[in-house]
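S.K.: Below is the structure I would like to discuss, written out as structure tokens.
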Amino acid sequence: MTYFMNRIYLLTASLLLATGISCQSITGANGVNHSAPFTDSITLSPADNPHSINGDVYIQPGATLTILPGVRFESDQNSTLAICRGAQIFADGTQEAPITFTSVHDTGVYRQNANNEWGNLTIMGAGYISEDEIANNTATPTASNYADMEGLTPANVSLNDYGGGDDNDDSGSLTYCTFSYGGVASIPGKELNGLSLGGIGRQTDIHHIEVLNNIDDGIEIWGGTVNLKHLSIWNIGDDSLDIDQGWRGRAQFGLIVQGASNAGAQGSGFGDNAMEIDGAERCDWQPVTAGSIWNFTVIGGTNQTADPAAASTTDELVELRDNARMQFGNCIFMDGGKSVFKDKVTDGEVNNNTTVCGAGSNVPQMLARMTTPATVTYGPNAFSNPALAYQAQDPTGNLVQVRGSIYYNNNNSTAYAEALSYGMFDAFPVAGTNHANNDIAVTSPITQLTRSTTPFTATGHSIFPVTYLDPTPTAIAQTAAETAPNDGFFTPANYVGGFSRGNNWLIGWSMTSRVGLTSNSLANQPITGVENFGANPALVHYTDGDWQAGSPVTLGCDNVSDLGGLGVGILVMGFNQLNLPALGGIVVPSPDFTTALTGVGNLSMTLPNIPAGFTGASVYSQFISLDVTLPSSEFAFSNAQSHILP
């Protein structure tokens, strides 16, 4: 019914256009062009591909935009889709049918030297933000404080606004979406991020997002409380992940690959910081950024010399400014151009100078934040209920900490200077800090990284771009001394980096997979969101082997429950995807084959040589862990995998 209603809507719009009345969408021989604001709710279908955006197209307050799996946008020049505060977007792609936002010039062949060919997706919500440039805003957080979204030019300026007093605001959902070759703004001299999130509340659902080749930041978050999972950010022209104005959210499972995507200056085509984390727009205002980031793999631009003054590559892997507070856990930081951790104190803006932010001000300096429990909130200009406003950090930790992380191949002579001064490594502790179990590795923590042998040269900079990546962990990163909190959002993962053993969640849906920057083999594709966690860290189901005829395949599982009783791992395999809710998890495979393996920790089973004649067949697999402990028992469910036989 939705499809036919959409066709009627588009026919009506075309007739209105013919009579001189403005409309929202025009159907043509090459798809649907969207060029005017949407005041009513609408559903976009892949049957009308390719869709295109022309100018700044607003989903206005009260309207809902639904984008069905498989929809493809191909846009040109200043073409931004803007979801207003009070509107919603439901863009829920799937692994098999992602939603694609790209350039009209995208032929499916990767172009290293390409960005700034269309605009972006901007979402504006009603969560608390701190912004000191609006005349009537106050340093103490109120629902009337707001900010103007950068880079947009609506005729009604209020459509630009984000921020408010609802940290539980729901802007919709964004899943399995890719954004590539973007960044054009309607305002001359401005640039857009790949994905802009202003004041987004925690009821908004965002996961499996990819930004590739954007001229400005990859993803920028201003304030709010939105949580995010499974983010991939490649070859960005400024900061890969940029946080500001008091974000109080969580993020887990991320990949950042720094690089360049045009020959412009650093910050406008050539990568700057991997993570740039600002506390508040003015650092003594509230809210201040206080978040938690777990399981990210961060790959820098790798300085080719040890000269700290060399301007040949990207900048810091992590840079904190303006009173920011951030907890990091189980991350990989490698190939950094400059510092692995940098306290820049302030962003240098006029109202945010070192007098306001630096020594002698009322802002706790970095070491003070590193030695202060996360339960201690910032005093000046406080919320009436600080505990309600600041929920994202682990209350057993400190305001700034790094735990369980691996550092590798950071060769700049000053790469570790600040990290060592703050006691981030066990051999050089600093009293009162909560850093622990961080390691400088001598072997790579990821399976494969290949760089071009020819440098990509930009204005004053050059880099050897990553041409192929298998980000799954090697042995040193497959287990960790730390486990992400089991708090209802985080997956209690106890491996290091954004990927578990044998599970490359980029496969199939992402642009990087489709163009060959990472694997496009569907032999072992992870299925997430089906797990159920027990008292132990999350089960990790993996497969060794590619299912080629005549070769063996081993199916294994890490973290099988150990509560002191009899540990049992049940391997379930089938030819159909069942998706049956059971015991708090989801059984994905049809139970065509099941077997029980006893033990705890790691369990595995090797199948004999795969017979010929099954090319194209689909097999699904998953582990269920049972710990038989009297008087109670525990069930836990792993991720699943789909296997399309070659």
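Every number in this text was worked out from the coordinates using simple rules, so none of it is lab data. Predicted model only: the values in this text are computed from it and were never measured. Positions of Cβ are generated from backbone atoms using ideal geometry, with glycine treated the same way; all protein chains shown enter the neighbour counts.
S.K.: Calculate, axis by axis, the spread of Cα positions in segment 393-442 along the three principal axes, and write the results as whole Å, longest axis first.
M.R.: Taking max minus min along each principal axis of the Cα atoms, segment 393-442 gives 34, 17, 17 Å.
S.K.: Something else about it: Would you mind giving the average projected area, over all directions, of the Cα convex hull of segment 495-577 in nm² with one decimal?
M.R.: Hull-based average projected area comes out at 7.3 nm².
S.K.: Counting helices only, and only those DSSP H runs with n ≥ 4, report the 222 nm mean residue ellipticity of the chain as the sum of -39,500 (n - 2.57) divided by its residues, in deg cm²/dmol to the nearest 500.
M.R.: Rounded to the nearest 500, the figure is -1500 deg cm²/dmol.
S.K.: If you take the Cα Rg of segment 459-548 and divide it by 2.2 N^0.38 Å, with N the number of residues, what do you get? Write out the running numbers ahead of the final one.
M.R.: On the way: Rg = 15.6 Å, N = 90, 2.2 N^0.38 = 12.2 Å.
Normalised Cα radius of gyration, segment 459-548: 1.28.
S.K.: A follow-up question, please. Rg over Rh of segment 241-283, using C-alpha atoms and the Kirkwood radius, what does it come to?
M.R.: Answer for segment 241-283: 1.05.
S.K.: Specify which residue in the list 467, 533, 500 is farthest towards the positive end of the charge dipole of segment 430-545, using unit charges on the beta carbon of Lys, Arg (+1) and Asp, Glu (-1), about the Cα centre.
M.R.: Checked the options; the winner is 467.
S.K.: May I pose another question? What share of Cα pairs, in percent, lie more than 17 angstrom apart in segment 302-415?
M.R.: 63 percent
S.K.: For segment 57-113, what are the per-bin percents of Cα-Cα distances with bins 10 Å wide, up to the bin holding the maximum?
M.R.: With 10 Å bins starting at 0, P(r) equals 21, 42, 31, 7.
S.K.: Continuing with the same structure: To the nearest whole percent, what portion of all C-alpha pairs in segment 536-579 is separated by more than 11 angstrom?
M.R.: When every Cα pair of segment 536-579 is considered, 75 percent fall beyond 11 Å.
S.K.: Let me know the whole percent of all Cα-Cα pairs from segment 135-256 that are separated by more than 17 Å. Spell out each step's value before the answer.
M.R.: Details: 4296 of 7381 pairs.
It works out to 58 percent of all Cα pairs.
S.K.: Right, next: Assign unit charges at the C-beta atoms only (+1 for Lys and Arg, -1 for Asp and Glu), then state the dipole size of the chain relative to its Cα centre in Debye, rounded to the nearest 20. If you can, show how the numbers build up before the last one.
M.R.: Numbers: 20 positive and 58 negative charges, 187 e Å.
Here the chain has a charge dipole of around 900 debye.
S.K.: So what's Rg/Rh here for segment 403-500, counting alpha carbon atoms and using the Kirkwood radius for Rh?
M.R.: Rg/Rh for segment 403-500 comes to 1.04.
S.K.: Take the alpha carbon atoms of segment 339-473, find their radius of gyration, then divide it by 2.2 N^0.38 Å using N residues; give the quotient.
M.R.: 1.34
S.K.: Another question, then. Cα atoms only, segment 109-157: Rg and Dmax in Å?
M.R.: 16.2, 50
S.K.: Stokes-Einstein at 4 °C, 1.567 mPa s, Kirkwood radius from Cα pairs: D for the chain in µm² s⁻¹?
M.R.: 51 µm²/s
S.K.: A follow-up question, please. Mind checking the log10 I(q)/I(0) for segment 517-646 at q = 0.10, 0.19 Å⁻¹? Debye, one equal scatterer per Cα, no solvent, two decimals.
M.R.: The Cα Debye sum returns log10 ratios of -0.31, -1.01.
S.K.: Still on this model: Would you please put 508-518, 336-346, 120-130, 610-620 in order of how densely packed they are, using the mean number of other Cβ atoms within 10 angstrom per residue and starting with the highest?
M.R.: In descending order of packing, they fall as 120-130, 336-346, 508-518, 610-620.
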